[in-house]
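The values are calculated or read from the model by the stated rules, or taken from the named source; none is laboratory data. Keep in mind that what you see is a predicted model, and the values were worked out from it rather than measured. Please note: Cβ atoms are built from the backbone with ideal geometry, for glycine as well, and neighbour counts cover all protein chains shown.
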Amino acid sequence: MSPRARIALLVLAGLVLLPGTGAVIAGLPPFGSTIAQYGERINAITPQVRHVANMVSAINFDLRGLDTLGEEFMLLAAITGTVVLLRGRRGEGNTERAMRRPGRAVIPRSDTVVLVCRIAGPLTALFGLYVVLHATVTPGGGFQGGVILASATLLIYLGEGYAGWRDTVRSHWLDAMEGGGALLFTLCGLAPMLTGAAFMQNVLPLGTFRDVFSGGLMLVENLGVALAVTGGFTQLFLEFMEETRAADEPDEPGEESA
Amino acid sequence: MTLILPLLFLLTAVSGTAVVLVRDPARQIFAIAVNGLVLAILFDALQAPDVALSELAVGAAAVPLLFLVALMAVRTRPPEEKS
Amino acid sequence: MSMLPYAVAAWLFGIGLYGIATSRNFIHLVGCLGVCQSATYVLLLGLGYRWGSIAPIFYDHPPGTPAVDPVMQALVLTDIVVGATLTALLLVLTIQAYKRGGSLDPEKLRPMRAGGKSGRDPGPSRVSDAERSVS
């Protein structure tokens, strides 16, 4: 299809859909006037029955925990697909050592960058841990904290260079974290069934409201998500970075099997 | 607050448009990062600190980095035509 | 003001679609897809907002204070993180398409054939293939 015909088709589709969109927008409740009844009820009831302060975490890990389990496996599947696509061509054997392009000049890092990264890296990791652990009381949780923790490992790359980063961050550990996190989440769903409760029913003691150790099973699930997200995102960064390094190899023969 | 929210919504529309209209991928990465930052501010103003934190970590840091590295990976290939 | 968030969401989705339809570079196209994605975030959070409400975190405020809709926030929160990994997957597919076809332009993407030689060599066959895929 020529680009011109495509634009024409897009404009036509837009014109057809425009009245419907307008009608839907006009039918929605005016912005800021009211919220859905379901959310209202959750806000009213959950602090008492689950002893947690953060409603978003309560929904993610308890009330709609099954949905999050699905999301968790979507995450796992997407990262597995990425890693298979990237690593499949290179081969498993190459993943352990840092590759280097001979043609690329190694630029020495200034002392300032190294110093700042050595200070900021642990601080970022600490903040990520804080965000993970306080999922049930303040804004945060495994999803956000995991990404922050993964970003913290990038500061190692910035400060210590690529080889140093690869020495610190082991690919196999990341695989284990990613899969283990998903496994932990699944086990959190299955373990209550051993006691006769429903899937993912919150059987652990709920703890005190506004305390870090509140929410019972939510804390374990949160930990599982944090492990999976940290491992998964670090794995993504690592495999992407490796892709820029492998360029010098004569990769044509291996390409056919990818 | 009644004035900040509409302005932020308009800013979101502008930054989203910028992501589309900046055609050069190397420049688009900056537009993506700015868009992530604007979205994070908007979400915070919409009383969603959880989402803002997530968008800040993902949209303003992780995703632009992935784009950057993908662009690097494409550019370090032997250029057949244009990268 | 009462309809502005929804209009912004519709605009973002539309402009993202326009970018996807006219993009000449796969990496740019993935970025445009991200704009479409952000439209859903704006729509959901706009639906969940209520004037004068607090965030749905009852740490500083006692439970019972009017708060915004936490369900929408939970939806958006997980989607942002999972969506980022899907973006990564799309970028990897882009890299693979570049390696196989030698181009990032969707117009020049050739159909994949089983057992076919990956089209590294720029030659007349590629040009004819490109023209065939365009038509």
Kindly indicate which of B:6, B:25 is within 7 Å of chain C (Cβ to nearest Cβ), touching a Leu at 6+ places or on another chain (Cβ under 7 Å) and surrounded by fewer than 20 Cβ atoms within 10 Å (Cβ to Cβ).
B:6
Somewhere in region B:16-31, is a residue assigned to a helix (DSSP H, G or I), of a type in the set (Gly, Ala, Ser) and within 21 Å of residue C:77 (Cβ to Cβ)?
yes
In region C:64-113, the residues that are facing chain A (nearest Cβ under 7 Å), part of a helix (DSSP H, G or I) and among the β-branched types (Val, Ile, Thr):
C:71, C:78, C:81, C:82, C:85, C:92, C:95
Residues in region B:28-53 that are among the acidic types (Asp, Glu) and more than 8 Å from chain C (Cβ to nearest Cβ) total 1
Which members of region A:66-89 meet the condition of being small (Gly, Ala, Ser) and at pLDDT 90 or above?
A:70, A:77, A:78, A:81
Hey, residue B:64 facing chain C (nearest Cβ under 7 Å) and in a helix (DSSP H, G or I) or not
no
Of the conditions (1) in contact with a helix residue (DSSP H, G or I) (Cβ under 9 Å, 6 or more places away or on another chain); (2) within 25 Å of residue A:80 (Cα to Cα); (3) small (Gly, Ala, Ser), residue A:163 fails just one. Which one is it?
(1)
Every residue in region A:1-22 that is surrounded by fewer than 12 Cβ atoms within 10 Å (Cβ to Cβ) and within 36 Å of the chain's Cα centre (by Cα), please.
A:20
If I filter region A:55-76 down to residues being facing chain C (nearest Cβ under 7 Å), within 19 Å of the chain's Cα centre (by Cα) and in a helix (DSSP H, G or I), which single residue comes out as nearest to residue A:177 (Cα to Cα)?
A:75
Which residues, taken from region A:1-50, are among the small types (Gly, Ala, Ser) and assigned to a helix (DSSP H, G or I)?
A:5, A:8, A:13, A:14, A:20, A:22, A:23, A:26, A:27, A:39, A:44
Among A:175, A:167, which is the only one that is under 30 Å from residue A:107 (Cβ atoms), charged (D, E, K, R) and part of a helix (DSSP H, G or I)?
A:167
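Residue by residue, here is whether (1) among the small types (Gly, Ala, Ser); (2) out of contact with any strand residue (DSSP E or B) (no Cβ under 9 Å at 6 or more places or on another chain); (3) more than 7 Å from every other protein chain (Cβ to nearest Cβ); (4) in contact (Cβ under 8 Å) with a residue 24 or more places away in the chain holds:
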{"site": "A:11", "(1), (2), (3), (4)": "no, yes, yes, no"}
{"site": "A:14", "(1), (2), (3), (4)": "yes, yes, no, no"}
{"site": "A:21", "(1), (2), (3), (4)": "no, yes, no, no"}
{"site": "A:24", "(1), (2), (3), (4)": "no, yes, yes, no"}
{"site": "A:27", "(1), (2), (3), (4)": "yes, yes, yes, no"}
{"site": "A:41", "(1), (2), (3), (4)": "no, yes, yes, no"}
{"site": "A:47", "(1), (2), (3), (4)": "no, yes, no, yes"}
{"site": "A:53", "(1), (2), (3), (4)": "yes, no, no, yes"}
Identify the residue in region C:11-29 that is more than 7 Å from chain B (Cβ to nearest Cβ) and touching a Gly at 6+ places or on another chain (Cβ under 9 Å) and, among all such residues, is farthest from residue B:64 (Cα to Cα).
C:14
Any residue at all in region C:30-53 that is more than 7 Å from every other protein chain (Cβ to nearest Cβ), touching a helix residue (DSSP H, G or I) at 6+ places or on another chain (Cβ under 8 Å), modelled with pLDDT under 95 and outside any helix (DSSP H, G or I)?
no
